[in-house]
1. Check the stretch B:96-115 and report whether any residue there is within 23 Å of B:Ser181 (Cβ to Cβ) and within 12 Å of another protein chain (Cβ to nearest Cβ).
2. Exactly one of (1) within 22 Å of the chain's Cα centre (by Cα); (2) in contact (Cβ under 8 Å) with a residue 40 or more places away in the chain; (3) away from chain A (no Cβ under 13 Å) is unmet by B:Lys362. Its number?
3. Do we find a residue being more than 10 Å from chain B (Cβ to nearest Cβ), out of contact with any Lys or Arg (no Cβ under 9 Å at 6 or more places or on another chain) and not polar (S, T, N, Q) anywhere in the stretch A:281-292?
4. If I go through the stretch A:111-123 residue by residue, how many of them are in a strand (DSSP E or B) and under 9 Å from A:Leu67 (Cα atoms)?
5. Quick one: A:Ile301 ticks every box in (1) in contact with a strand residue (DSSP E or B) (Cβ under 7 Å, 6 or more places away or on another chain); (2) at the interface with chain B (Cβ under 9 Å from one of its Cβ atoms) except a single one, so which number is it?
6. Would you pick out the residues in the stretch B:70-89 that are closer than 16 Å to A:Met335 by Cα and touching a residue at least 60 places away in the same chain (Cβ under 8 Å)?
7. Go through (1) away from chain B (no Cβ under 14 Å); (2) within 24 Å of A:Val271 (Cβ to Cβ) for A:Pro315 and report which single condition fails.
8. Out of B:Arg254, B:Arg210, report the one residue that is out of contact with any strand residue (DSSP E or B) (no Cβ under 6 Å at 6 or more places or on another chain), charged (D, E, K, R) and crowded, with 21+ Cβ neighbours inside 10 Å.
2 protein chains.
Amino acid sequence: MSARFEFELIATSGGARRGRLRLAHGDVETPAFMPVGTRAAIKGVTLADVEALGADITLANTYHLHLRPGDDLIARAGGLHRFMSWPRPILTDSGGYQVFSLAERRKLSEDGVTFQSHLDGRALVLSPESAVDIQWRLGADVAMMFDECPSWPAAHDAAEAAMARTVRWAQRGRDRFLALSEGRVTDLPASNPGQAQFGIIQGSTFKDLRDRSVAGTVAVGFEAYAIGGLSVGEPTEDMYAVTAHTAAQLPADRPRYLMGAGMPDDLVESVARGIDLFDCVLPTRNARNGQLFTRTGPIAIKNARYAEDPLPPDPDCGCPTCRRYSRAYLRHLFMAGEMTAATLNTLHNLYFYLDTMRGIRKAIEFGTFDSFRKTFLETYSRRPSA
Amino acid sequence: MSARFEFELIATSGGARRGRLRLAHGDVETPAFMPVGTRAAIKGVTLADVEALGADITLANTYHLHLRPGDDLIARAGGLHRFMSWPRPILTDSGGYQVFSLAERRKLSEDGVTFQSHLDGRALVLSPESAVDIQWRLGADVAMMFDECPSWPAAHDAAEAAMARTVRWAQRGRDRFLALSEGRVTDLPASNPGQAQFGIIQGSTFKDLRDRSVAGTVAVGFEAYAIGGLSVGEPTEDMYAVTAHTAAQLPADRPRYLMGAGMPDDLVESVARGIDLFDCVLPTRNARNGQLFTRTGPIAIKNARYAEDPLPPDPDCGCPTCRRYSRAYLRHLFMAGEMTAATLNTLHNLYFYLDTMRGIRKAIEFGTFDSFRKTFLETYSRRPSA
């Protein structure tokens, strides 16, 4: 285990776990939600805002930063923390998901993936080793291994091949990571010598493939493990079932990260299934589209019913937006196309996600997670009220 | 004079005046810069941000708010202060400038202006009286009279006709305002009974017309007076000359507002000529275009020279952007099209303008405005360094 990685299990409540993750740049209280800062910025808000909202950790995207401004430039700036002026932990994904969803003229081989930049058409390569190198230059506290991400639905054959290749890539990526973190590579200066690396479990919605992926990836050995390939369009019940099935097999003394999930109720349900870490673009992306999360469900602020509504978006919310602004004002900003609408909506939605995690953590500490979960799901409706 | 309007002259230094303007929602330390919140929002930042930056007063636009969300709606919400959650003073312009620069199929008569909304083509009318009524519903602390704004350059004939009409409109607007503020109109509830009204001096760059405009407008009698029709494309020396000429004739016991100016050096030079109030979109608009004001002049953050520059935009600046972020990061955000670029640049530029005004006020108090002005102009170059 990396010198700067510790995971302490503080309490459990059923399958839910309350933990503390020690990373090079500080502690992360788990279960935790990581706001997504794709290009070293969280859209619509400043990192000072995100710090004030109480995020322990943010996520950035290897693919996007490799393209622009470049991991070399960020390394010369002293690493991603200094470049973006974010003093707390950062997790970078490996770029795998973006290569499979964004890049053009993609060619996949055992070596890795060649593709064209979606920005300027440049030919680029990502491999298990180069994804490690890029993240080493970025200097995140947690680097993710490079995986193959099949789309959903996938045939069993295709999902099996992708899973098996991902396990082989896991070994290559881990070898490279250990060579770097143990100082056996001298031509690549460390932006963050305390970096940890997480493995990724694949296998689509097939339990037999998930089993083999867990066995192979845990055999390689990482500081912790993520469940990839979910929240990609499969039915919610499949996501929950695969999450439960996979999480149960992962080492109990390591945090478990469900990549890309989800809706607020997904967070609660996945914590119940043993998940400790989340990231998702929903709070930020939906904010820009005028959707605000509340305790009773999402609302569409553009709805005419809010035109003269003096209430804050969520009367029970303590966020900077709800403490000051009315639905009527937020609707006006959204309808007028003012970018401040995106800012105020994003502040609210991020606070809502982070506050939901605070509620979850407290409930687990007090041994009342079951009733928290029951109340949350009874109160929260995924169907927008507008 | 309105019950809630006082102007105290605290100190002078040459032509420069240090004052305090008492308005219904608080004091404005002058000389003051008013950030422009066209549609009840200051583009790119939140009003909490603007309050934290130390703005005593903001400006909103009658034309835009009349179109959307409507002054009726804002009146029902309790007025503009409550609608936008800004507790400090607000000044609304009369819509005159926007009608003459934005609206379509404009028809001008002695009665007023008929035009089509630039948003949806609706036929609308603005007159000296209706501009008062709209601002009465909005409930700003300072309402501006409705004026005719000729474009520049204007022939003497055309400028004279517009100026003469503006003086006639001044009387009509003042009559309507007094009827409202003295409670002689019962069908228009007051959003802000302590509203004051400023007259506007026109006359383009013709000193004889400015003289007649001052005489006519001061004869009508307003709480204070603004100089309109400048900063519309005329040479800087003309703007300074007309400002000096006009300001000198305005009552010394009332604040003088130079509408729409200007560049940072324009603020300093206009204060020297007796101006107390400013508004301008430059700090916010230029921020969105990647131009950052610094003590030595504006910089274009997209310039390649900043790609790896670890310094803040202005090393001598104490704004939230300069205290945390580097030019390299701000350039990355701008090049990537992140909206956070607009936010961080706007915070900086507004702080720069507000801080320049703080410096001006301190210098006048200490009787050192002449040396402040000299140093500022020696240090500041209007030519972008990039």
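The values are calculated or read from the model by the stated rules, or taken from the named source; none is laboratory data. The structure displayed is predicted, hence computed values, not measured ones. All Cβ positions, even for glycine, are placed from backbone atoms using ideal geometry, and neighbour counts span all protein chains on display.
1. Taking every residue of the stretch B:96-115 in turn, none turns out to be within 23 Å of B:Ser181 (Cβ to Cβ) and within 12 Å of another protein chain (Cβ to nearest Cβ).
2. Going through (1) within 22 Å of the chain's Cα centre (by Cα); (2) in contact (Cβ under 8 Å) with a residue 40 or more places away in the chain; (3) away from chain A (no Cβ under 13 Å) one by one, B:Lys362 breaks only (2).
3. Yes.
4. Looking only at that region, the number is 0.
5. All conditions pass for A:Ile301, except number (2).
6. The answer is B:Asp71, B:Ile74.
7. Every listed condition holds for A:Pro315 apart from (2).
8. Being out of contact with any strand residue (DSSP E or B) (no Cβ under 6 Å at 6 or more places or on another chain), charged (D, E, K, R) and crowded, with 21+ Cβ neighbours inside 10 Å holds for just one of B:Arg254, B:Arg210, which is B:Arg210.
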